Amino acid sequence: MLAIADSGCDPFRRTNEMLCPFVSLLACEQRHAARIESDELPPEVMIGDVPSWAFDVYSWEGRAVLARFLQTDAAAARWIRRNVGPPRRLSFLGHIVFRVEDGLVVNRMPWPLADELRRQADVEYSGPEHLYATEILDLMRGRSVPAQRG
């Protein structure tokens, strides 16, 4: 088990995503999973000859697409410009895109601890300025968000 956890640390060091170390640590908890379900995956969209999922924050092409998105008038782009400092905007958006799309899986085994850890990763691990990212996640998922007060 320790060897598996250690081998999972290399991707964690590169991406800062908690999934790698959690997989091995949670393996013993799977006995609580009573069913298997799949997340609803978005339709694959092509951008030129490349599937949209290939444009993430870890490639120069993906960073260019995300930077371009931040310049649009989309509600999520406006929210990020209003709430995240310029040096962190691109990495923040990359994290949010990952949480919304790339974090989806087929054959998820839900149980209380796994659901809570997923919620924490989605909502509470979005950077020091935004410990609770519910609003931006809803905007990126295309859900309506109540108007801001003040």
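FYI, it's all coordinate maths here, none of it is from the lab. Since the structure is predicted, the reported quantities are computational estimates derived from the model, not experimental observations. Cβ: placed from backbone, ideal geometry, glycine included. Neighbour counts: every protein chain shown.
Data for the structure
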{"read-out": "Linear extension gain, residue 105 paired with residue 117, 0.36 nm per residue minus alpha-carbon span", "value": "2.8 nm"}
{"read-out": "q = 0.14 Å⁻¹, the range 45-150: log10 I(q)/I(0) [Debye, one scatterer per Cα]", "value": "-0.60"}
{"read-out": "Cα-projected label distance for residue 49 with residue 61, points at 7 Å along beta-carbon direction, nm", "value": "0.9"}
{"read-out": "Length added when fully stretched, residue 35-residue 81, from 0.36 nm per residue minus Cα-Cα", "value": "12.5 nm"}
